[in-house]
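All of the numbers you see were taken from the coordinates with simple rules; none came from a lab. A quick note: this is a predicted structure, and the numbers were derived from the prediction, not measured. Counting neighbours? That spans all protein chains shown, and the Cβs are built from the backbone with ideal geometry, glycine included.
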Amino acid sequence: MSWQTIIVDLFTYGLLAYSILLLSCYIFIGAYSIGEIRTHLYKNSFTDYRQLASASQAPGMSILAPAYNEGANVIENVRSLLSIHYANLEVIIINDGSKDDSLSKLIKAYDLYQTDHFVNEQIKTKQVRGVYKSRNKVYKKLIVVDKENGGKADALNVGVNIAQKEYIVCIDVDCILEQDALLKLAKPFLENSKERVIATGGVIRIANDCIIEGGRLVQVNLPQTFLPRVQTLEYIRAFLLGRMAWSRLNGLLLISGAFGAFDKEIVIKSGGYDHNTVGEDMELVVRMRRYMEELKLPYRVGFIPDPLCWTEAPNNFKILGRQRNRWTRGTIETLKMHRIMFFNRKYGFLGLVSYPYWFLFEFLAPLIEFVGMFFFIIFAVLGLTNWRFFFGLLAVVFSFGFLYSVFAILMEILTYNQYKRRKDILKLLLTAFLEPFIFHPFVVWSAVMGNIDLLRKKNAWGEMTRQGFSAPKKPN
């Protein structure tokens, strides 16, 4: 047996073993999520959210919404936040040194004036230039903060310092929340008496081509163009299956920065959001979990399958590439900062299962796939490829990916059924078939570029331009 054959066999069977392990994890995650979703739906059937909406004893919630150059959407989005059904609420908009007309639009629309509001700087931040409130009592829940630009983490820390309520809800200002979003998000904090719930999140959905009026979602539409539509499918898969399974295991490492609720006391004790990563949402959750684990305090990080938040997805490859590049860098930075947990029994399930999974399958998977394709091309040129094995493995992986997406679509239909028209389901199925050929390779390439940019010490967020929600038309 030649050395070339040995190398090819080691590479081939190593890749096969990795693929089998990865697919096995996905099968477990998909199956395990079913129980959590069924339990949630059963408990939810006995809950009267109308009582919680008007109850003065409901836990206090401070919505923190950083805004940087969000002039296209900011008025509609703030109107949406102010219309949420929740009694014990304050809405804090943090203008992070925007270069556009975001602040002036807010001042004019909500009749704001600058106050002498005290800022309790429990977490060090960039300078706050002004705190604004409305003269109109209708908007008494609204606080607008103007500060020097310092990035999203710094803006959120300013919000934490100003927040008066016991729980903070961190969202992207371009998000549209369901009217009962906070009521459902508050439920995990109230119903768990044995463990302290330190964070919880809900499902994020894609709002492209949905009908938004007066800051409210009035009609759900499946995105008409391919790129937002494939992200819709991706989000269904990731949130409805992946995060529900990890929530049931109490091993969730990520609450989306687009919408999540946190125990403010634990956030402050953990040090707030970190400025040294572009993945501040994941890093904070991991650090809060480390804090609780090291003190040996019983806790949970929860997640609910309800579609609570709608956001505008990137609709071109340039913006999408920046987003996925940043997600990759944030993941790597978080894993590096908390590498002490890797297979460390001191951190229990977090160190023995959650962290290794993210390292092996979230961080390494795109790199292994890219390297695998690189070596496949070399082996093919040298005539060393076992074509029967290659096409067999390719067929298995493609079929599994398609069927996993079909399973996610089925779970969506059986639970929340946001896309009720038959042609929308057919479009999602076609999207699932096309995803491996168009979307997935681009995501892998963006992840590889994220690794390269991290080595180059590039730490910029990148511009995330948006179209806004004012243009969608109702489909025929």
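Numerical summary
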quantity	calculated
Residue satisfying all of: in region 273-332; part of a loop (DSSP other than H, G, I, E, B), touching a helix residue (DSSP H, G or I) at 6+ places or on another chain (Cβ under 8 Å) and of a type in the set (A, V, I, L, M, F, W, C); farthest from residue 459 (Cα to Cα) among these	313
Matching residues, region 87-135, being free of Cβ contacts under 8 Å to residues at least 24 places away in the same chain and either farther than 15 Å from residue 158 by Cα or assigned to a helix (DSSP H, G or I) (or both)	104, 108, 113, 114, 115, 116, 133
In region 300-329, the residues that are in contact with a His (Cβ under 9 Å, 6 or more places away or on another chain) and among the hydroxyl-bearing types (Ser, Thr, Tyr)	none
Residues located in region 406-454, provided they are in contact with a Leu (Cβ under 6 Å, 6 or more places away or on another chain), among the hydroxyl-bearing types (Ser, Thr, Tyr) and part of a helix (DSSP H, G or I)	431
Residue list for region 379-405, restricted to those being assigned to a loop (DSSP other than H, G, I, E, B) and loosely packed, with under 12 Cβ neighbours inside 10 Å	382, 383
Residue count for region 409-431, restricted to those that are in contact with a helix residue (DSSP H, G or I) (Cβ under 8 Å, 6 or more places away or on another chain) and among the aliphatic types (A, V, I, L, M)	6
Scope region 221-242; condition in a loop (DSSP other than H, G, I, E, B) and either small (Gly, Ala, Ser) or within 20 Å of the chain's Cα centre (by Cα) (or both); matching residues	222, 223
Some residue of region 38-46 being touching a residue at least 12 places away in the same chain (Cβ under 8 Å), over 18 Å from residue 162 (Cβ atoms) and not in a helix (DSSP H, G or I)	no
